[in-house]
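Computed from the coordinates by the stated procedures, all read-outs in this text should not be read as laboratory data. It should be emphasised that the depicted structure is a prediction, and the values quoted were computed from it without experimental measurement. Every residue, glycine among them, receives a Cβ derived from its backbone with ideal geometry; neighbour counts consider all protein chains shown.
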Amino acid sequence: MPKVLSEMIADDILYMINVEKRFSDTMKLPNENDFAKELNVNRATLREAIRILVTNGVLEIRRGVGTFIKENASGLKNDYDIITSDCENIDIQDLYEMRIVFEPEAAFFATQRATETEMKNILHYGELVEKKLIENTERTTEELNFHRAIAKATHNMYMNKLMPMLLRMIYISVKVTRHNTELRIETIRDHRLIMDFMRQRDAEGAKTAMRLHMLHAVRLMENNVENIKSIKL
């Protein structure tokens, strides 16, 4: 059964806590109006998402003060923790092969199913990635947000649950690409091609472009084995 919007927003907040590490234990959430605007939902939806997280012991509401992350909430076993807990023991080649299986299909379904708002988010993050690539500056957050926005737009709960497993692999790819001018330029071309097909709602084109991007990443890995080994996961 597809998740309702409030459940998806609850997942987004969990992601901010457990993956992005944006909020730590006992930290107060942003002002309701600002947070709802950032998440692109109305306040009623945000309140329902907060209620879900309160029920699950992640948040607590202090009347007249605000909504806070509960102590030890970031240590709760949730989908993100379970999936990423043994990343250091996973073979890098295996993870790249999984990306080849996962991400082209994610691009296909996202191109078909994304709402106008979701597509705008995908393209927005894609443009930020391209800007960072051109400037040759740190782009880890933008890259993760781009791929995560695609996964979210598939409207497939299992694709979204698998996404955290790939985050560290994307991180490695970002670090290695940054130190190789030729591969960085290639990545710019790949991202532009993916976004062009998604913008046109060409699902097959987006799938093919994403697969090519992944195959380029595999080549990157094979040619930069020592660099990859030196990166701390």
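Observations on the structure shown:
- Sorted by Cβ neighbour density within 10 Å, fewest at the top, the residues S24, S6, S173: S24, S6, S173
- Peptides 203-215, 25-37, 110-122 ranked from most to least packed give 203-215, 110-122, 25-37, packing being the mean of other C-beta atoms within 10 angstrom over each peptide's residues.
- Two-decimal Rg/Rh across the stretch 5-75, once Rg and the Kirkwood Rh are taken from alpha-carbon atoms: 0.92
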